[in-house]
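Notes to accompany the following structure.
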Amino acid sequence: MEPKSPLGHMVREVWPLIILSVGLLLVVVVIQSFGDRIVSQSLTEGLIRLVVVIGLYIFIGNSGLISFGHIGFMMIGAYATAWQTMDPMTKDIFIPGLPAYLLANSHHWLIATIIGGLIAAIAACISGLAMMRLSGIAASIGTFALFMSFYSLYLQWSTWTAGQSSLVGIPVTTTPWVAFWFCIVAMIGAFVYSRSKFGLALRASREDEVAAKAAGVNVTGERVISFTLSAFFVGMAGGLYGHFLGLLTVDTFYLPMTFITLSMLVVGGMQSLSGAVVGTIVLSFVIELLRKAEKGFSLGETSISLPASSAEVGLGIILLLILIFRPSGFTRNSEIYWPFKPKVAVTEVTHRQS
Amino acid sequence: MAFALQVLMNALSLGSLYALAALGIGLLFGVLKLINFAHGDFITVGAYALIVPSAATQATLLIGDFHPLILIPCIVVVVVILALIAEFLVFRPLRNASPATLMIGSFALGFVIQNILIMIYGGRPKAVGIWSDLSLGVELMPGVEVPKLQLIIIGVTLVLMVVLVLFLTKTKYGVHMRAAAEDFRMARMLGIEANRVIMLAVAISGMLAAAVSMLFVVQTGILDFRMGVSLMLFAFIATVIGGMGSLVGAVVGGFAVGAVSILLQTFLPSEMRVFRDVFVFAIVIFILLVRPQGLVMSRASRERV
Amino acid sequence: MLEVKDLEVRYGRLTALRGVDLSIREGEIACIVGPNGAGKSTTLLAISSVLTPTAGSIIFDGTPIHGTRPEEVARMGISQVPEGRHIFTSLSVEENLQVGTATRSDKAEMKRDYDRVLETFPILGERRKQSAGKLSGGEQQMLAIGRALMTNPRFMTIDEPSLGLAPKIVDRVYEVLIDLREKRGLTLLIVEQSSERALKAADSLYVLRNGSIQLGGKAADLQDGKAVHKAYFGFSDDHEGEVMI
């Protein structure tokens with residue numbers, strides 16, 4: 001069935017976006033209506049992670065470069081947001097090094113989150129100008145070094161970040177629905193970007209860097225744009241995360257977070273938005289199950305529990321198995337496309353990488 | 001003069017550790033085009049192998065209590081076996097994958113190793129004292145005293161580098177390894193067994209990791225499941241600024257990173273010293289801006305396509 | 001000696017070779033000619049097991065070798081001088097030759113072969129200790145042939161030996177190749193783009209175009225250039241009105 005009206009065409013154009021949003025909405029509604037408060041918290045955390053993973057997709061999916069540094073931008077966004085929303089009194093006690101304006105004022109969390117994302121984006125833009133000149137693998141190592149330098153900077157910068165202790169007193173404003181709407185915004189952003197001329201040019205460089213350069217694509221510039229945009233969303237996710245936990249420690253933004261979010265993207269399929277969403281949903285469930293198993297469950301008379309860190313080990317093994325047996329992820333790097341077409345054409349379209 | 005010599009020794013000994021770790025990473029990159037994110041965790045495992053596996057806060061020495069002549073081979077064997085297991089279970093199944101996939105694979109492997117260590121030994125750092133008399137000073141010249149350990153680190157590094165160079169240039173398998181690193185397909189067409197060369201490279205990389213674990217743990221006296229990660233990071237940086245795929249570059253880069261760290265440590269005002277690593281990274285980024293291809297150019301630096 | 005039957009090789013969805021048959025007798029010089037992109041190199045890479053055929057068989061001395069590993073094929077006595085020579089530029093000339101002996105342990109004969117290679121190509125002896133990357137194109141071609149000889153092959157495939165070389169040096173290369181067949185009884189499979197020189201040297205000739213063999217047979221029977229020309233270009237040169245490129 002070919003859509004005939006202009007509306008039909010538009011629906012078909014943004015079909016992956018519609019189906020992913022509706023799917024996500026269903027997941028949220030179902031979990032919200034059946035789960036208790038703890039489940040609802042896991043849901044919020046999962047949705048915030050989804051924003052991070054979508055942000056990662058914007059860069060990794062389109063550029064083909066692996067970044068190990070994005071959790072650094074999440075941290076920058078998280079702290080930058082907290083600086084704005086915390087009660088001035090608390091700021092005076094914990095982080096007295098802030099500029100006078102921030103010490104005296106606070107912003108609404110939504111504005112603060114957006115500004116937090118912007119600050120992360122600026123950090124990404126500046127560092128990206130250096131990193132993105134490197135070749136693929138060296139750039140990946142560069143992002144890792146960048147991440148470690150942000151991490152060690154924030155760990156020592158105690159008058160702004162409370163250093164090795166926790167920054168407490170952040171208002172808790174991130175509900176599951178807030179996180180959901182940020183997911184939708186991030187998905188729209190990722191979708192629009194990947195279909196824009198910028199996204200197209202960057203993907204051309206992913207497939208063949210030399211040819212893209214020959215065709216006049218400024219590969220470094222395109223990478224920086226994508227790096228910056230992805231850091232914007234990841235930074236906002238950081239802001240949400242701080243306002244979900246109500247406190248921040250630098251250690252939250254370390255290798256485990258990097259690993260979990262990167263696994264979600266890879267398991268779903270690095271090169272498609274659908275992959276980012278599917279991977280996050282599937283692995284979030286797996287993590288919850290393994291965490292439950294770590295706490296122990298009873299099987300008849302005996303209660304069994306897995307040792308600590310089982311969730312992490314399990315996750316690592318899942319990722320390795322996916323890399324070995326299905327390196328293009330669950331979605332095989334394809335988007336969920338318009339299903340109402342003649343059979344032959346459908347296979348053609350669904351194989352198109354996005 | 002005495003002060004300069006002291007700083008030089010500090011820089012050389014730190015640079016030695018980085019250079020050894022960078023060599024282990026560079027060797028695998030050469031042959032497998034693999035950036036081994038698990039290399040740091042190989043180092044960590046080598047250090048943890050010294051003690052009895054338990055989650056107790058107090059570490060009890062196991063291999064660490066043996067005579068050095070037994071201890072050293074034991075640790076080397078442990079790390080080499082671990083590296084070979086990694087090759088069989090992870091690297092070999094990913095042999096034909098893209099460099100990016102391989103890199104994520106080794107990242108996952110490192111993460112799994114770290115968490116298995118937490119499972120077995122617990123997540124808290126533990127103190128271990130082995131060969132603590134090595135940290136006693138030796139008088140190099142009147143007024144200049146350096147820990148014996150520094151001299152040992154520099155000495156061991158020099159010896160290992162000479163042995164590695166001799167192996168690569170004077171032995172049949174070394175020449176094969178260099179040929180494979182430059183053009184793997186051609187080497188195979190001439191009859192060089194791919195798996196044998198790779199296993200050999202993995203084993204040597206494991207030996208270098210074991211050497212680093214022992215030197216490092218004697219120096220710090222602390223076991224921490226993340227101890228290898230920061231060493232590995234500096235080693236990565238060393239390979240990148242030295243020039244990917246060049247072993248000479250890895251060594252040069254290692255010593256350069258070590259020297260920069262020590263110079264900053266020595267000459268930064270004390271309140272800025274905690275930000276040393278941030279400055280190191282800033283300098284590295286600057287070097288990369290000026291020379292994106294690294295300090296030492298190599299023919300094998302192109303990624304396998 | 002080498003029987004290729006119904007060989008098919010695909011790169012993803014692209015079929016590079018289909019239904020290729022070759023039959024090479026011991027001690028002969030066989031040539032495959034064909035335009036750019038015809039699948040010549042693919043054929044040689046499939047023989048060396050660098051590429052795995054999707055269908056068909058390659059039988060060497062009665063043993064199927066398709067789908068094995070390149071190092072096994074080398075061990076069985078098939079050596080390849082690939083397109084672009086693939087010299088190890090970071091190794092010395094001597095080390096390049098040494099790599100050729102990877103599968104061997106017969107020390108005395110290795111020494112004999114080494115001396116023979118240096119006798120054939122005296123320039124390699126002079127530059128023994130030099131880095132192979134510093135050699136000229138012609139010298140690199142000689143080193144690549146020398147290195148292939150060091151594996152003590154019974155069957156050697158050479159991909160475009162004349163590519164990028166001055167005519168005088170090409171003459172020398174062919175002289176050496178013909179000599180190898182005469183003196184050592186080596187069987188050769190040479191791939192070239194131009195059929196002229198190949199026709200002169202070859203005992204049998206195959207024309208490959210668009211991934212399949214258009215024409216094959218004894219070189220002596222093909223001295224009339226017309227059929228070869230038609231197979232090569234897809235049209236014969238006396239009907240120039242019908243040219244379709």
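What follows draws every value from the coordinates through simple rules; no lab data is involved. Computed from a predicted structure; not experimentally measured. Cβ placement follows ideal geometry from the backbone for every residue including glycine, while neighbour counts extend to all protein chains displayed.
Each residue, B:Phe66 and A:Ile317, gets one label point 7 Å from its Cα in the Cβ direction; the gap between the two is 2.9 nm.
Farthest toward the positive end of the dipole of chain B, out of B:Met103, B:Leu62, B:Leu12, is the Cα of B:Met103, where the dipole comes from beta carbon charges about the Cα centre. Using only Cα positions of the stretch C:2-236, each an equal point scatterer, no hydration layer, compute I(q)/I(0) via Debye at q = 0.11, 0.12 Å⁻¹ and quote the log10 values to two decimals. Listed by q, the Debye log ratios stand at -0.54, -0.65.
Distant-in-sequence amide contacts of B:Thr60, defined by a placed amide H-H separation under 5 Å and a gap of 5 or more residues or a different chain, comprise B:Val52. Taking Cα centre as origin and charging only the Cβ of basic (Lys, Arg, +1) and acidic (Asp, Glu, -1) residues, the dipole magnitude of chain C rounds to 720 debye. Pairs spanning more than 20 Å between alpha-carbon atoms, out of C:Lys40/C:Lys168; B:Lys170/C:Lys111; B:Lys172/C:Lys111; C:Lys168/C:Lys200; B:Lys172/C:Lys129: C:Lys40/C:Lys168. What FRET efficiency would be calculated for the residue pair A:Ile111, A:Asp251, taking the C-beta separation as r and a Förster radius of 25 Å, to the nearest 0.05? Computed FRET efficiency for A:Ile111 and A:Asp251 comes out at 0.35. Amide H contacts for C:Leu189 (H built 1.01 Å from N in the peptide plane; partners 5 or more residues away or on another chain; cut-off under 5 Å): C:Ala30, C:Met156, C:Thr157, C:Ile158.
Name the residue farthest towards the positive end of the dipole of the stretch B:170-305 from the options B:Ala179, B:Phe225, B:Leu208, assuming +1 on Cβ of Lys and Arg, -1 on Cβ of Asp and Glu, about the Cα centre. So the residue we want is B:Ala179. Arranged from fewest to most other beta-carbon atoms within 10 Å of their beta carbon, B:Leu94, B:Leu289, C:Leu17 become B:Leu289, B:Leu94, C:Leu17.
Inter-label distance, A:Thr302 to B:Ala56: 2.7 nm, where each label sits 7 Å from its Cα along the C-beta direction.
Using +1 at the Cβ of each Lys and Arg and -1 at the Cβ of each Asp and Glu in the stretch A:17-255, identify which of A:Thr220, A:Pro171, A:Ala190 lies farthest towards the dipole's positive end. Among A:Thr220, A:Pro171, A:Ala190, the one farthest towards the positive end of the dipole of the stretch A:17-255 is A:Thr220.
For peptide A:125-135, the mean count of partner chain Cβ atoms within 10 Å of a residue's Cβ comes to 3.
Partner shielding of A:307-317 amounts to 6, given as the average count of beta-carbon atoms from other chains within 10 Å of each residue beta-carbon. Between the exposed loop cleavage positions of chain B, defined as trypsin sites (Lys or Arg not before Pro) in a non-H, G, I, E, B DSSP state with at most 14 neighbouring beta-carbon atoms within 10 angstrom, the longest gap is B:96-301.
Estimated translational diffusion coefficient (Stokes-Einstein, Kirkwood radius over Cα pairs, 4 °C, 1.567 mPa s) of the stretch A:17-255: 71 µm² per second. Note on A:Lys197: aspartates and glutamates with a C-alpha under 14 Å away, same-chain residues under 8 apart excluded, are A:Glu222.
In loop segments of the stretch C:42-149 as defined by DSSP, the trypsin sites (Lys or Arg not before Pro) with at most 16 further C-beta atoms inside 10 Å of their C-beta are C:Arg104, C:Arg128, C:Lys129.
Amide H to amide H, with H built 1.01 Å from N, C:Ala55 comes under 5 Å of C:Glu8, counting only residues 5 or more places away or on other chains.
Using DSSP, restrict attention to beta bridges with both residues in the protein assembly as shown and report what percent are antiparallel, rounded to the nearest 5.
Working: 34 of 52 bridges.
Of all bridge pairs located within the protein assembly as shown, approximately 65 percent are antiparallel.
The magnitude of the dipole of the protein assembly as shown, with charges of +1 and -1 set on the Cβ of Lys/Arg and Asp/Glu and taken from the Cα centre, is near 260 debye. Working value for the protein assembly as shown: equivalent-ellipsoid semi-axes of 53, 38, 24 Å, each the square root of 5 times a Cα gyration tensor eigenvalue, largest first.
Under 14 Å of direct C-alpha separation, and excluding same-chain neighbours fewer than eight residues apart, B:Lys126 reaches these aspartates and glutamates: B:Asp224. Give the cross-link partners of C:Lys230 among the aspartates and glutamates, using a straight C-alpha distance below 18 Å as the criterion and excluding same-chain residues fewer than 8 apart. By straight Cα distance, C:Lys230 reaches C:Glu192, C:Glu196, C:Asp221, C:Asp238, C:Glu240, C:Glu242. Phi-derived couplings, Karplus 6.51 cos²θ - 1.76 cosθ + 1.60 at θ = phi - 60°, listed residue by residue for the stretch B:187-200: 4, 5, 5, 8, x, 6, 5, 4, 5, 5, 4, 5, 4, 5 Hz, with x used for Gly and Pro. Charge dipole (Cα centre; +1 on Lys/Arg Cβ, -1 on Asp/Glu Cβ; no other charges) of the stretch A:17-255 amounts to roughly 440 debye.
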